[in-house]
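Everything below concerns the one structure shown next.
FYI, it's all coordinate maths here, none of it is from the lab. Since we're looking at a predicted model, the values are computed, not measured. Positions of Cβ are backbone-derived with ideal geometry, glycine not excepted, and every protein chain shown enters the neighbour counts.
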Amino acid sequence: TTGICTFMKTVEVTRAKGTPNAPSTLRVAYDVWRQEGIVGLNKGVSAVALRQLTNWGSRFGISKATETLFLQGDPSRKLSGREKIAASMTGGVLACWNHPIEVIRVEMQSVKAERRGKQ
């Protein structure tokens, strides 16, 4: 389902909107399904998996490293609520390094859509 959901999101973001006779997102999905089957709906899934892996791995890793810094070498000490929030925010912000992978995913799916349109 990740591929199909990602496909639908990409179509919605990249399709021409507001133009006369622009196909709906569901129409585009139906056309891809008819022409390419399930494989067509799953283009770019490997980029999605890579982005999710790097995003969540970074987010949790950076958050844990920040928590360790806050503990200052005393693992028996409990973190305050503010420290937990700060560590989580730090992990979330610094995990944005992998945004270019999301751009690659959108491009992978958009290029495929352009090729389909030229046939």
Out of all Cα-Cα pairs in the range 1-69, roughly what percent, to the nearest whole number, are more than 13 Å apart?
71
Under 10 Å, Cα contacts only: if you run a Gaussian network model on the chain, which one of Q52, Q72, Q35 comes out with the highest mean-square fluctuation?
Q72
With x for Gly and Pro, the residue-by-residue ³J(HN,Hα) of the range 75-84, computed from phi through the Karplus equation 6.51 cos²θ - 1.76 cosθ + 1.60 at θ = phi - 60° and given in whole Hz, is x, 7, 6, 8, 6, 6, x, 5, 5, 5
Run the reach check for K78 against aspartates and glutamates, Cα to Cα strictly under 19 Å, same-chain hits fewer than 8 apart removed. What comes back?
E67
What whole-number value in cubic angstrom gives the convex hull volume per residue for the C-alpha atoms of the chain?
127
All other residues with a Cβ under 13 Å from the Cβ of I101 taken together, and with Lys, Arg as +1 and Asp, Glu as -1, what is their net charge?
0
Percentage relative contact order, the chain, counting C-alpha pairs under 8 Å, at least six apart
32
